[in-house]
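Step one of this worksheet: look at the structure below.
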Amino acid sequence: MSHNSFGHLLRVTTWGESHGPAIGAVVDGCPPGIALCEADIQPFLDARRPGQSRFTTQRQEPDQVRILSGVYEGATTGTPISLIIDNVDQRSKDYGDIAAAYRPGHADYAYDAKYGRRDPRGGGRSSARETAMRVAAGAIARKIIPDVRILGWVAQIGDVAIDPARFDADVIGQNPFFCPDALVAEQWAELVDGVRKAGSSIGAIVEVVADGVPAGWGAPIYAKLDGDLAGAMMGINAVKGVEIGDGFAVAALSGEGNADAMRPGSNGLPAFLSNHAGGISGGISTGQPVRVRMAFKPTSSILTPVPSITKDGQPTEVRTKGRHDPCVGIRGVPVAEAMLALTLADHMLLHRAQCT
């Protein structure tokens, strides 16, 4: 299997399977002299960690990260940073019944079609367990761009969306949904509880924003910042749609309605009157907040029986036992933040290499 690496100058390679002994990552290209220890990474892993509420998988993984290389006396050395997290709560027996059948909506059939074999234990490499290493790597990326502030939240679960008028960033960390709307968080609790008890799952929309990105990151044509962001977010498990700025909504606007009009601002910089473009124009950051939204599909591993086929083409029904997120988008927030941080840090290094 190839293509386990992400990034240009800041390059992250992940390894490991959901039910293997450990998962890990190698972060290559991090500049030297950046203060770094496990305590800088752990809070972001704790935000993603499973089993923290009844609304996520009950798999109990402490996700304690260890740095094996690339750091000396509390600072990066410029050499590859190796990270590892032990898997401690696997229940491979939960997947015995689906070893010879395909879970519809999951990667089972596609993996078999490509490689001629697959690891049915939690999906192997296709499991969202791998994203823990993206979160760990993203914590390092944040240290490379300390002036950029990244914040993510769940904007919608099912057909219940937050009210922008009630947006409160301080509320995001006070509920199990990463929800900035306290009233909607209560509605989501009832909604997700019902889905979970029914043995099903539900989708979500996640939004991430980066403030403090200067103008000039990215490049035209084949290194567009929005292009790389779209690829980064689509690479997250269960993401089926990505929007930069207003995304698909711009199709309903007029040219003057979509234009982010400018007026003279301070320090010779423009003052934008809107941000329909999500902080990126022509593939290059404009200095406005970079805004990305993504749609997460409902979790494919569910207790509700779904028609499928076996490996030898016989009809069957699949009912996935085990512990799974009723709404995978909830724990997708720290992952989306990490991919935004990794992409921005990579483009900062690319910009520095060309424009001193």
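The values are calculated or read from the model by the stated rules, or taken from the named source; none is laboratory data. Just so we're clear, the structure is a prediction, and the values are computed from it rather than from any experiment. Please note: Cβ atoms are built from the backbone with ideal geometry, for glycine as well, and neighbour counts cover all protein chains shown. Accessible surface areas use protein heavy atoms only, side chains included; no ligands, DNA or RNA. Shrake-Rupley method; radii C 1.70, N 1.55, O 1.52, S 1.80 Å.
Results, tabulated for the structure shown:
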{"item": "Phe177 vs. criteria of a type outside the set (Lys, Arg) and crowded, with 20+ Cβ neighbours inside 10 Å", "result": "yes"}
{"item": "Residues of segment 108-126 that turn out to be modelled with pLDDT under 85 and either out of contact with any helix residue (DSSP H, G or I) (no Cβ under 9 Å at 6 or more places or on another chain) or at negative phi (or both), as a count", "result": "7"}
{"item": "Among the residues listed as Val206, Val213, the single one being modelled with pLDDT of 95 or more and either of a type in the set (Phe, Trp, Tyr) or part of a strand (DSSP E or B) (or both)", "result": "Val206"}
{"item": "Residues within segment 216-246 that are part of a helix (DSSP H, G or I), touching a strand residue (DSSP E or B) at 6+ places or on another chain (Cβ under 6 Å) and closer than 14 Å to Met294 by Cα, tallied", "result": "5"}
{"item": "Test for Ala128: is it open to solvent by 20 Å² or more (accessible area, probe 1.4 Å) and closer than 19 Å to Gln64 by Cβ", "result": "yes"}
{"item": "Filter pass, Gly231 being free of Cβ contacts under 8 Å to residues at least 40 places away in the same chain and either open to solvent by less than 80 Å² (accessible area, probe 1.4 Å) or in contact with a Pro (Cβ under 9 Å, 6 or more places away or on another chain) (or both)", "result": "yes"}
{"item": "Segment 117-140 residues that are touching a residue at least 24 places away in the same chain (Cβ under 8 Å), paired with ones that are hydroxyl-bearing (Ser, Thr, Tyr) and assigned to a helix (DSSP H, G or I) (beta carbon under 8 Å, 6 or more apart)", "result": "Pro120/Tyr95; Arg121/Ser92; Arg121/Tyr95; Gly122/Ser92; Gly122/Tyr95; Gly124/Tyr111; Ser126/Tyr111"}
{"item": "Enumeration of residues in segment 76-93 that are open to solvent by 50 Å² or more (accessible area, probe 1.4 Å), of a type in the set (D, E, K, R) and modelled with pLDDT under 90", "result": "Arg91, Lys93"}
{"item": "Any hit, segment 94-107, residues being at pLDDT 95 or above, touching an Asp or Glu at 6+ places or on another chain (Cβ under 9 Å) and not in a strand (DSSP E or B)", "result": "no"}
{"item": "The one condition in (1) open to solvent by 40 Å² or more (accessible area, probe 1.4 Å); (2) in a helix (DSSP H, G or I); (3) in contact (Cβ under 8 Å) with a residue 12 or more places away in the chain; (4) more than 30 Å from Pro32 (Cα to Cα) that Lys143 fails to fulfil", "result": "(4)"}
{"item": "Residue match in segment 212-229 (condition: at negative phi, over 23 Å from the mean Cα position of the chain (by Cα) and charged (D, E, K, R))", "result": "no"}
{"item": "Condition check for Gly203: open to solvent by less than 40 Å² (accessible area, probe 1.4 Å), over 23 Å from Val290 (Cα atoms) and of a type outside the set (S, T, N, Q)", "result": "yes"}
{"item": "Filter result (within 17 Å of Asp325 (Cα to Cα) and either free of Cβ contacts under 8 Å to residues at least 60 places away in the same chain or in a helix (DSSP H, G or I) (or both)) within segment 186-203", "result": "Trp188, Ala189, Glu190, Leu191, Val192, Asp193, Gly194, Val195, Arg196, Lys197"}
{"item": "Looking only at segment 113-125, and only at residues there that are open to solvent by less than 50 Å² (accessible area, probe 1.4 Å) and in a helix (DSSP H, G or I), the one that is farthest from Gly332 (Cα to Cα)", "result": "Gly124"}
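Yes/no per residue for (1) in a helix (DSSP H, G or I); (2) open to solvent by less than 10 Å² (accessible area, probe 1.4 Å); (3) on the phi > 0 side of the Ramachandran plot:
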site: Thr316; (1), (2), (3): no, no, no
site: Thr320; (1), (2), (3): no, yes, no
site: Ile330; (1), (2), (3): no, yes, no
site: Val335; (1), (2), (3): yes, yes, no
site: Ala338; (1), (2), (3): yes, yes, no
site: Ala353; (1), (2), (3): yes, no, no
site: Thr356; (1), (2), (3): no, no, no
